[in-house]
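The values are calculated or read from the model by the stated rules, or taken from the named source; none is laboratory data. Since we're looking at a predicted model, the values are computed, not measured. Methodologically, a virtual Cβ is constructed for each residue, glycine included, from the backbone with ideal geometry; neighbour enumeration extends over all protein chains shown.
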Amino acid sequence: MKLRLRILPILLFISHFAFAQITGKIINSDNDNPLEYATAVLYDQENGELVTGVITDDEGVFTLIDLRRGMYYLEVSFIGFETKTIRDIQFNARTGVNKLGIITLDIGSNQLNEVVVQAESATVINKIDRQVFEASKFQNSQGGNVTDVLRNLPSVAVNGLGEISVRGSTGFVLLLNGKPIQGDATVLLNQLPANSVERVEVITAPSAKYDPEGKAGILNIIMQKEAVAGTFTQINIRAGLPSIEPYDNAESARRYGLDATYNVRKEKWNFSFGANYQRNDLAGRREGDVFTIINDTLTRFPSDGERSFDEINYSGRFTVDYQPDTLNIVSLGFYAGKRQKDRTADILYFDNHAITPANGTERLYTFQYFNENLRERKGDFILGSLDYAHTFQDRSKLSASLLYEYTLLGGPTKNRNLGFPNTDFVYQDEFNTNDNPLNGFRFQLDYAWKPFAFGTLETGYQYRILDHTGDFVYERRNNTTGAFELVPEFSSEVDLTRSIHSTYAQLTGKKGKWDYAAGIRMEAMDRDFGLKDKNNTIDTTYTYNFVKPFPSASLQYELNERTHIKAAYSKRIERTTTFKMNPFPEREHSETLEQGDATLLPEFIDLVELGVTKNFKGNHSLFATAYFRNVENLVNRVNTVFNDTILNRIYSNVGRGRSVGMEVGGQFKPTKNWSNFVGGNFYSYDIAGTFDNRALNTNSFVYSINANSTYTFSSTTSLQFTFNYLSAQNTAQGEDSRFYSPNLTFRKTFLDNRLVATVQWQNMDMGLLDTNEQRITTQRPGEFFTTTNYVYEVDMILLNLSYSFNKNTNKAKFIESEFGKREF
């Protein structure tokens with residue numbers, strides 16, 4: 001085999017069609033920094049035809065391979081910089097590797113008037129530790145939020161309740177421009193406008209330099225960076241047509257939004273301003289059936305009614321960067337936002353009845369009632385950050401970061417059980433609310449240098465402290481007096497304090513065809529959870545501390561210029577939130593209470609993966625990654641019977657969870673105008689453990705598929721179809737059904753690409769499919785059974801308009817919440 005591999009290049013070398021390659025490195029002429037994602041395009045010098053093109057890696061390096069002999073010229077470009085052309089590049093029978101060395105690009109003021117993009121960039125770029133996805137490739141997300149971008153990625157799935165999972169797990173860490181966000185990832189991603197995202201990085205086996213949180217790894221959202229010299233202004237407007245199907249909701253859904261960005265950079269200063277407003281309602285219904293068995297009496301209460309969401313987000317952002325020279329930069333950031341999400345669940349329980357014995361047919365009673373339920377969730381966020389970075393003459397780098405956040409969370413749930421059809425009669429009127437002020441602080445110090453010829457050493461220290469208090473009040477109306485009275489068994493005060501000290505050392509390097517990284521992170525965590533009731537009979541503090549190592553390692557081997565194999569290991573942790581630790585029940589709606597566990601342990605995760613990537617001519621590529629994930633102290637939501645018509649949902653450590661799976665994806669371009677990106681995640685998931693002295697053992701095969709197909713009619717007109725599918729999957733006590741959504745987007749640009757218009761047809765159904773619909777089922781034989789089908793809005797039509805007032809590309813970067821939104 002080795003002999004044939006050696007003979008093959010010799011035959012190619014002596015043939016008439018001898019192949020060769022070009023390599024080089026592109027840097028910024030002002031500061032010598034490498035330019036990642038710069039473009040190198042090769043042309044035939046005789047006829048000017050495009051031969052091939054690539055983009056640079058994070059070191060600014062590019063390689064053009066499989067080149068036949070002839071005379072060429074190379075165009076090197078990067079947005080915001082002047083294009084450079086290198087001519088008279090000749091290949092003949094003696095040519096092997098043509099090393100162009102370092103190529104410098106100069107920043108220009110109006111250079112974008114001269115650049116013509118003739119090569120299509122890749123949707124995904126595979127690196128040793130991550131996959132990088134270009135956000136602009138997913139047109140169905142434009143005008144929406146970052147969640148709309150994520151639902152297109154192979155390893156990501158979004159279910160019918162809007163929960164985001166990576167490789168089947170909702171436990172992932174969110175980074176914003178590389179900064180860790182401790183807040184609720186789903187809430188944060190729904191607030192960030194998709195228009196301001198440059199790319200998304202999926203880091204499934206993170207190295208030791210990252211926080212070890214997140215059993216599914218890390219999603220790094222890269223926002224626009226600092227602008228080139230000059231100014232940039234962009235305004236995006238979104239509007240949705242009225243709902244095609246009414247769903248018998250009390251109010252019509254409204255969808256519209258506006259976000260704007262203003263950027264100005266002069267000499268050493270860079271100022272960025274942003275504002276965002278979104279109204280994003282969702283109409284829908286739910287159909288349910290529940291029964292409980294207590295003392296051989298079966299109580300059943302089927303239901304049907306409205307389940308809709310009214311959501312409003314608005315925020316303001318501001319950053320300023322000061323760079324006195326090429327070795328120092330200081331950044332100050334500020335963010336403030338308000339959010340309100342109201343969930344209406346007005347449900348008719350139309351055939352409430354009890355039967356005894358449970359397997360009999362004789363009814364003890366029959367009645368119906370109307371449940372009027374409104375859950376309001378509000379959150380105000382204010383945070384500021386200060387960052388400093390210094391590069392030494394030997395290219396080593398020291399950076400420091402401070403972040404402080406204050407968050408006020410809260411919002412009542414109103415629950416009224418009324419007569420039907422006479423809703424003037426009140427059976428029960430309850431009200432529960434909470435105030436959750438949160439203070440978070442993070443300090444981080446990092447240093448990177450190259451003391452060895454074989455690699456770069458990175459070290460750092462981080463300190464984080466979180467103080468989250470909560471005042472939970474549950475009141476019930478006295479039907480005699482009309483006054484609301486405190487229900488002590490459902491009311492409490494909590495205080496979570498969590499401090500973390502961590503330090504790490506990480507070695508990365510490259511030798512020949514090998515890329516490698518290895519490191520370890522030591523973390524010391526102190527967690528105190530104080531709990532009181534309103535009768536002053538309970539006043540307890542639950543303490544949990546640990547000092548643990550979190551090692552990681554990754555290795556990549558280059559079989560050839562187009563094929564790479566990689567392996568990685570990472571140890572992770574999934575921390576508990578305040579809500580999941582509060583043992584006092586909270587009334588979600590008529591048939592459900594929800595509570596936590598004050599002694600809940602964090603999950604500890606071991607992850608191993610092995611992957612291969614293969615690039616082909618013509619902008620085709622394939623990648624596949626096999627993985628194994630083991631989770632100890634698995635946290636799951638499980639149910640018990642509270643009374644004959646109410647189930648109690650409890651967050652508990654139920655045992656161990658294991659996933660063995662394969663993530664695959666590929667980019668294909670059958671014709672010049674038709675490109676496709678398809679990805680999927682396939683895995684076997686099993687849970688083994690106990691809850692309430694009963695065994696829990698479930699297993700299922702789960703898969704998700706995300707497909708994206710784009711046809712380009714011209715340089716200004718394109719049509720894109722996307723399809724997202726999530727199969728049925730098991731839970732600790734039941735199953736979530738399949739969930740899917742097809743979408744179609746038409747895109748047209750005007751005025752030299754200054755004005756971009758997109759028309760989106762989301763959740764295509766036309767009365768023929770079960771789009772945007774998911775059934776959730778749980779059961780415990782002999783005690784209860786519940787099944788609920790969530791039917792959300794389909795055939796939604798939205799129009800997005802984006803206008804840029806000049807052609808300097810927006811590179812604004814903003815900070816976001818690290819602590820509070822996790823608890824939203």
Here are some residues: Gln733, Gln760. Which one is over 21 Å from Asn681 (Cβ atoms), touching a helix residue (DSSP H, G or I) at 6+ places or on another chain (Cβ under 8 Å), in contact (Cβ under 8 Å) with a residue 40 or more places away in the chain and not hydrophobic (A, V, I, L, M, F, W, C)? Gln760
Given (1) charged (D, E, K, R); (2) free of Cβ contacts under 8 Å to residues at least 60 places away in the same chain; (3) in a strand (DSSP E or B); (4) buried (at least 17 other Cβ atoms within 10 Å of the Cβ), number of the condition Asp597 does not satisfy: (3)
Would it be correct to say that Asn359 is of a type in the set (S, T, N, Q), surrounded by fewer than 20 Cβ atoms within 10 Å (Cβ to Cβ) and either touching a Leu at 6+ places or on another chain (Cβ under 9 Å) or at pLDDT below 90 (or both)? yes
So, restricting to strands (runs of 3 or more DSSP E) that lie completely within region 364-461, which ones have at least 1 residues that are within 30 Å of Asn313 (Cα to Cα) and touching a Cys at 6+ places or on another chain (Cβ under 8 Å)? none
Consider Thr497 carefully, then state whether it is among the polar types (S, T, N, Q) and in contact with a Leu (Cβ under 8 Å, 6 or more places away or on another chain). yes
Spans of strands (runs of 3 or more DSSP E) in region 266-352 with at least 2 residues modelled with pLDDT of 90 or more and outside the structural domain of Gln779 (by TED's automatic domain parsing): none
Among the listed residues Thr456, Thr537, Thr541, Thr508, identify the single one that is more than 29 Å from the chain's Cα centre (by Cα), of a type in the set (S, T, N, Q) and closer than 23 Å to Asp394 by Cβ. Thr456
Tell me, which residue of region 149-167 that is out of contact with any helix residue (DSSP H, G or I) (no Cβ under 8 Å at 6 or more places or on another chain) and at pLDDT below 75 is farthest from Ala336 (Cα to Cα)? Gly160
Any hit, region 241-258, residues being buried (at least 21 other Cβ atoms within 10 Å of the Cβ), in a strand (DSSP E or B), touching a residue at least 60 places away in the same chain (Cβ under 8 Å) and among the hydrophobic types (A, V, I, L, M, F, W, C): no
Among (1) free of Cβ contacts under 8 Å to residues at least 12 places away in the same chain; (2) under 27 Å from Gly767 (Cβ atoms), which single condition is Asn693 missing? (2)
Inspect all residues belonging to region 633-647 and state whether any of them is under 30 Å from Gly53 (Cβ atoms), of a type outside the set (D, E, K, R) and part of a strand (DSSP E or B). no
It is to be established whether one or more residues within region 337-347 are farther than 28 Å from Ser303 by Cα and of a type outside the set (Lys, Arg). yes
Of residues in region 542-584 being buried (at least 20 other Cβ atoms within 10 Å of the Cβ) and β-branched (Val, Ile, Thr), the one farthest from Ile125 (Cα to Cα): Thr578
Qualifying positions in region 630-663 - crowded, with 19+ Cβ neighbours inside 10 Å, of a type outside the set (Gly, Ala, Ser), farther than 17 Å from Asn697 by Cα and under 21 Å from the mean Cα position of the chain (by Cα): Glu663
Report yes if Arg265 is of a type in the set (Lys, Arg) and over 22 Å from Glu306 (Cβ atoms), otherwise no. yes
Any idea how many residues of region 722-772 are in a strand (DSSP E or B), surrounded by fewer than 21 Cβ atoms within 10 Å (Cβ to Cβ) and among the small types (Gly, Ala, Ser)? 2
Say we look at region 657-688 and pick out the residues that are among the polar types (S, T, N, Q) and in a strand (DSSP E or B); which of these is nearest to Ser155 (Cα to Cα)? Asn681
Determine which single condition Thr578 fails, assuming it passes every other condition in (1) without any contact (Cβ under 8 Å) to a residue 40 or more places away in the chain; (2) within 29 Å of Glu632 (Cβ to Cβ). (1)
